[in-house]
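I have placed the structure first, in the form of structure tokens, so that the comments after it can refer back to it.
The values are calculated or read from the model by the stated rules, or taken from the named source; none is laboratory data. On a predicted model such as this, the values are computed, not experimentally measured, just so you know. Ideal geometry is used to build each Cβ from the backbone, glycine not excepted, and the neighbour counts take in all protein chains shown.
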Amino acid sequence: MARLAFVGLTFLLLLSGCSSSSDGDSQRSRGQGNSSPPSVEAVQARGGTLPLQERMSGTVRARNQVAIYSELSEPVVAVEAQTGDYVEAGEPLVRLRRETYQQQVRQSKAALRNAKAEAQGAQAGLRELRSQLKRTERLADQDFESQQQLESLRAQVEQAKATYEQAQAQVEQAEATLQEQRTALRRTVVRAPVSGQVGQRNVEVGQRVGPDTRLYTMGNLDSVEVRVEVTDRMFGRVRPGQTARIHVPRQDTVLTASVTRMSPFLNEASYSAEAVIEVPNESRLLNPGMFVEVDVAYGESERATIVPLSALYQDPSSDARGVFVAPTLGTEIPVDMPDEFDEDNPPPLTPPTPTTFREVEVLAEGQQTAGINGVAPGDWVVAVGQNLLANDTGERVDARVRPLPWSRLLALQRLQDTDLLNRVLERQQRLAKQRFGDDSASDDSARSSVSSQNAPTDTTALDMTTSQRR
């Protein structure tokens, strides 16, 4: 309903603002049987190339962003970090109950001591048997010991050696068990793996957590990553080093950065690849988890005639896409364009001059401009009010044209509908007060004041935002 009311108000302003008759009773008929020519606004087409860019959606992530989980299933006894805290890598975040793990460490230490004692005993027995074997070998060489006794000692030495090696293995096993228990004990303190800020806290004292319980999300917010899904159509066009413009939601701010990395693989499910854009974030304009729109400039169009996007008009009857041209503007009718646009004193409307529709080929479209063939640079093209010129016969329509500088028209294109409506209403109230005085500056007088020649600049701009973007 709000949109319908907005369009209705736009039409009412247009109906009263684009008529030059003093009595306000004449009606527009789109150029046929019209007692007063319609009023439109035009800019001069330029020659050049148009930057090619693609708008994509991205997700913001903090640098080194990581989710924190516990590796143990235990109750929480202390929470050391709160949401928003900055912590260094290694600082404690959460402490878990640790009595069981302390007891296991003590038991492992005792088992290690027993294993070492048994190994020392086995080593002593092996040394003793080896000494006896040496003496027996000398005596056997002198025929004082039998060969049978010598072989028996040798077998005993081998047995003692195996016993010692087994004891050594038990020592190593006990050491590994102790190390494992110490590691488990250390895990009762969940520490920060990276330096950064913690957020999304999901832990309380007394809560039993486990490996599937996310405790925090943390990362470095001084620099963030914008991750963009590049479709298979754009795959190969987007490359590292290209300029990316990131539109910050809820703020009239655009951040400029470069594509940092680009995945060489397409996802089999989504048929897209991930591009990463690293952006400095000292001002904290970007928050992790935020969705943003990203314009990636991937080249330039061929040389063409550049016109504003609002100048393109699609004929609803034939679907032909083109522009309305005022061929006598700048030739038979001189144009004196001021350096700066004065909203209270805009350039005057020209006398009635012919306008014709020319079908064009759109080579490329940017964010606010388009590159076309079919119109020469320097031609004056109607950018606001084309719907007032369209007719079913295709004949020319005489119109009064207000020339506008590019800066003014591009500024109008950037305005949102609501912002533009507020500006129009404020301006009509100001004009009404100037003409009729404060006491009679009612809604009716404000509406009637639109019929002055100064009104088409904003009223036709409203027409542009509601009717010409097709």
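A few comments on the model shown:
- Residue list for the stretch 272-290, filter: surrounded by 15 or more Cβ atoms within 10 Å (Cβ to Cβ) and either at positive phi or in contact (Cβ under 8 Å) with a residue 40 or more places away in the chain (or both): 272, 273, 274, 275, 276, 277, 278, 279, 281, 286, 288, 290
- Condition check for residue 382: of a type outside the set (Asp, Glu), within 22 Å of residue 408 (Cα to Cα), in contact with a Ser or Thr (Cβ under 7 Å, 6 or more places away or on another chain) and in a loop (DSSP other than H, G, I, E, B): no
- Count of the stretch 121-144 residues, restricted to those that are out of contact with any helix residue (DSSP H, G or I) (no Cβ under 7 Å at 6 or more places or on another chain) and either of a type in the set (Val, Ile, Thr) or without any contact (Cβ under 8 Å) to a residue 40 or more places away in the chain (or both), is 12.
- Among (1) under 30 Å from the mean Cα position of the chain (by Cα); (2) modelled with pLDDT under 90 - the single one residue 57 does not satisfy: (2)
- Taking the stretch 51-106 and the strands (runs of 3 or more DSSP E) fully enclosed by it, the elements with 3 or more residues that are exposed (fewer than 13 other Cβ atoms within 10 Å of the Cβ) are at 51-69.
- Residue 342 vs. criteria among the acidic types (Asp, Glu), in contact (Cβ under 8 Å) with a residue 24 or more places away in the chain and under 23 Å from residue 39 (Cβ atoms): no
- Residue in the stretch 274-284 that is assigned to a strand (DSSP E or B), farther than 30 Å from residue 93 by Cα and in contact with a Pro (Cβ under 9 Å, 6 or more places away or on another chain) present: yes
- Of the candidates 346, 316, 338, the single residue that is at pLDDT below 85 and surrounded by 13 or more Cβ atoms within 10 Å (Cβ to Cβ) is 346.
- Qualifying position, being surrounded by 17 or more Cβ atoms within 10 Å (Cβ to Cβ), modelled with pLDDT under 95 and either farther than 30 Å from residue 71 by Cα or touching a strand residue (DSSP E or B) at 6+ places or on another chain (Cβ under 9 Å) (or both), among 242, 200, 251: 242
- From 241, 219, residue being within 21 Å of the chain's Cα centre (by Cα) and over 30 Å from residue 93 (Cβ atoms): 241
- Tally of residues being in a loop (DSSP other than H, G, I, E, B) and either at negative phi or β-branched (Val, Ile, Thr) (or both) across the stretch 319-366: 27
- Among the residues of this structure, residue 269 does not count as one that is touching an Asp or Glu at 6+ places or on another chain (Cβ under 8 Å) and free of Cβ contacts under 8 Å to residues at least 60 places away in the same chain.
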